[in-house]
Ligand code: GLU
């Protein structure tokens, strides 16, 4: 059996790895692991006008953050490199000219003003904007001389008749009428290939066995199939998976949903939770499970089961799943994740103590600090005006000062007894205490939080409030 070699081929034209590319990477990675194959990363940086500085580094480090490790890639090399298209220009040139030599491609000298006019006329007539073939029938010997002095591109000579058919593992046979396929530019006048030439040459030379990518590339595939055929190369297996969609079915876009991997990281989503969620975008666990490990995904995944259309990408569901992952995480690991998420600014020991209190309550790592800031910093503002409760606060202090044992159950019991004695409703009493100690109306369980903060800190916080001349100015 042929060795499985799959790849992703991101273009460094955005701020980071697109979440859609994370999805494609996951499927390719899982398929490679399942088949003991190789997973390759190739950087397609041939569109020089859209290149974003630093994007390649971000793409690779995001893959690493997801633990989607690759066997061959631009930074680690491999036997069939280089893995960055801008370092492979001579190869594309060679094959583009080879296609011309075989009569399957031709030199084109049309300048942009002619092409613009052509398109304008086609649009006015409501025709598809395809190249009109002006240079297609030029005498090849004359063209071969012109290229020495003139600017040119190389175009694919798509047969005018017939159809181009390929089989898609997920969608079955797909056919395109040749007359609707453009005489695609393969090599640009700057010597760089277009995506279409680059992708075919590289997938062939890198011995890619399965091209697994999103459905948005289906319409490009007949052009690729023609190039494979003209060069006498064996086709890879094509499998076009679903594209990620907004709830209104439109393609996941920057305007409606966050698309960059870094956003998800900054929000405190866990990489494994994101991948679990993405896996469900085009595949269902045979037992209908929503939550499964990566290994389980590898074990159960079958490329043929990938659906052509998946559910909408739903951030609320992702958040829920992320919360479930947080709950499954061991406390010590969660502590480290929070510590690192907060740039190591807060003491690990204290974070550790708070974990049991918040594990059930947070959905993302970014939910932690708003809930727990008071453990690390004295409140600066108070979410409730507690100025009118000064005398109550003094009574609370007296009771707490007398406690010999600083344990949550004892604190809670003592406070309850006091509330009863003073005939204050529990809800009101504990809200006063909560806001006085934390500044916040919503916190983890109060008695446990007070135990963690310690007697000294609690008393000093409340006393400070009692002695403050005008605490209401800090009420927000
Ligand atoms: N460079 C394309 C991209 O940006 C690769 C598409 C493909 O997988 O063929 O996604």
Using the Kirkwood radius over Cα pairs of region 1-130, the Stokes-Einstein translational diffusion coefficient at 4 °C and 1.567 mPa s, in µm²/s and rounded to a whole number, is 74
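Based on a Kirkwood Rh over C-alpha pairs, give the Stokes-Einstein translational diffusion coefficient of region 184-299 at 10 °C and viscosity 1.306 mPa s in µm²/s.
The calculation lands on 92 µm²/s.
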Here the averaged projected area of region 83-172, based on the convex hull of its alpha-carbon atoms and given in nm², is 9.2
When the label point is put 7 Å from the Cα of residue 378 along its Cα-to-beta-carbon vector, which residues of region 437-459 have a backbone N closer than 17 Å? 437-440, 453-459
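Counting helices only, and only those DSSP H runs with n ≥ 4, report the 222 nm mean residue ellipticity of the chain as the sum of -39,500 (n - 2.57) divided by its residues, in deg cm²/dmol to the nearest 500.
On the way: 19 runs with 211 residues, N = 476.
My calculation for the chain gives -13500 deg cm²/dmol from helical runs alone.
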With no solvent and one equal point scatterer placed on each C-alpha of region 1-62, evaluate the Debye formula and give log10 I(q)/I(0) for q = 0.18 Å⁻¹, two decimals. -0.64
Could you calculate, for region 29-105, the ratio of the Cα radius of gyration to the Kirkwood radius, expressed as Rg to Rh? 1.07
Over the Cα atoms of region 146-234, how large are the radius of gyration and the largest Cα-Cα distance (Dmax), in Å? 14.0, 47
Debye sum, Cα scatterers, region 254-399, no solvent: what log₁₀ I/I(0) at q = 0.21 1/Å? -1.29
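Under 37 °C and 0.692 mPa s, how fast does the chain diffuse according to Stokes-Einstein, given a Kirkwood radius computed over C-alpha pairs? Answer in µm²/s, whole number.
122
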Take the eigenvalues of the Cα gyration tensor for region 336-476, scale each by 5, and report the square roots as semi-axes in whole Å, largest first. 26, 17, 14
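Read-outs throughout are calculated quantities, based only on the coordinates presented, and are distinct from any laboratory measurement. What you see is a predicted model, and the numbers here were worked out from it, not measured in a lab. Note: ideal-geometry Cβ built from the backbone for every residue, glycine included; neighbour counts use all protein chains shown.
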